[in-house]
Amino acid sequence: MTTLFTSAELHKATAVLASPPLVRLITEIDDNGAIPPRRLAGILHDLSPHHLRCATETARDHGLVRSVLGVGLELTEPGSALADLYDATARWARRHNCPQPVSDFSSRVRYTFDLLASALGTGQADGSPSPATEPVVGSEPDPDLDRLRTLLLQWLTSNPQVTALPEPEPIA
């Protein structure tokens with residue numbers, strides 16, 4: 001599989017998508033439905049107002065969420081697809097004890113997205129990863145990781161605007 005994205009674009013996109021506040025926002029809405037108006041801070045109380053604002057602005061800028069009068073903040077179709085991608089990447093990371101045997105959902109998503117961006121950015125033209133970026137999981141290639149690469153590329157191809165915006169501020 002060839003990619004339409006440069007290594008820099010892939011790293012930028014995965015940094016945006018794997019931002020812990022964005023991951024929290026998207027998965028909260030995916031798991032529990034729309035967030036009513038003025039309830040965002042109460043529902044995602046572990047995030048600072050600054051991180052909530054950045055996550056919400058990023059999600060809106062990328063077309064991942066929309067505000068619906070009387071309902072609140074809900075996922076769009078690309079947002080739902082991203083939530084599915086988050087779930088798949090976190091499941092893969094949990095199965096392979098990545099980045100640690102005990103990790104939170106956001107850390108698993110970030111680790112796997114970083115791994116996929118590195119593999120895609122340094123892989124051969126067919127999309128296969130370089131050995132330096134592939135985790136040592138076994139002697140055989142991991143078809144599930146290949147599937148995640150394909151899903152990520154499909155999502156990015158369908159949503160190219162994610163590489164057009166600046167990277168989020170690092171989480172301190």
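A few remarks follow.
- Any hit, segment 16-26, residues being among the hydroxyl-bearing types (Ser, Thr, Tyr) and under 19 Å from Asp114 (Cα atoms): yes
- Residue within segment 3-23 that is in contact with a Gly (Cβ under 8 Å, 6 or more places away or on another chain), of a type in the set (A, V, I, L, M), assigned to a loop (DSSP other than H, G, I, E, B) and modelled with pLDDT of 95 or more present: no
- Looking across segment 55-72, just one residue is in contact with a helix residue (DSSP H, G or I) (Cβ under 7 Å, 6 or more places away or on another chain) and at positive phi, and that is Gly63.
- Hey, Arg24 basic (Lys, Arg), without any contact (Cβ under 8 Å) to a residue 24 or more places away in the chain and out of contact with any Phe, Trp or Tyr (no Cβ under 6 Å at 6 or more places or on another chain) or not: no
- Screening segment 33-70 for residues that are touching a residue at least 60 places away in the same chain (Cβ under 8 Å) and part of a loop (DSSP other than H, G, I, E, B) and picking the one that is farthest from Pro20 (Cα to Cα) gives Gly63.
- Total residues in segment 61-101, condition loosely packed, with under 15 Cβ neighbours inside 10 Å, closer than 19 Å to Thr157 by Cα and in contact with a strand residue (DSSP E or B) (Cβ under 9 Å, 6 or more places away or on another chain): 0
- For segment 26-61, the set of residues classified as within 22 Å of Arg108 (Cα to Cα) and in contact with a Gly (Cβ under 9 Å, 6 or more places away or on another chain) consists of Ile26, Ile29, Asp30, Ala59, listed by residue number.
The values are calculated or read from the model by the stated rules, or taken from the named source; none is laboratory data. If you're wondering where the values come from, they're calculated on a predicted model, not measured in any experiment. Positions of Cβ are generated from backbone atoms using ideal geometry, with glycine treated the same way; all protein chains shown enter the neighbour counts.
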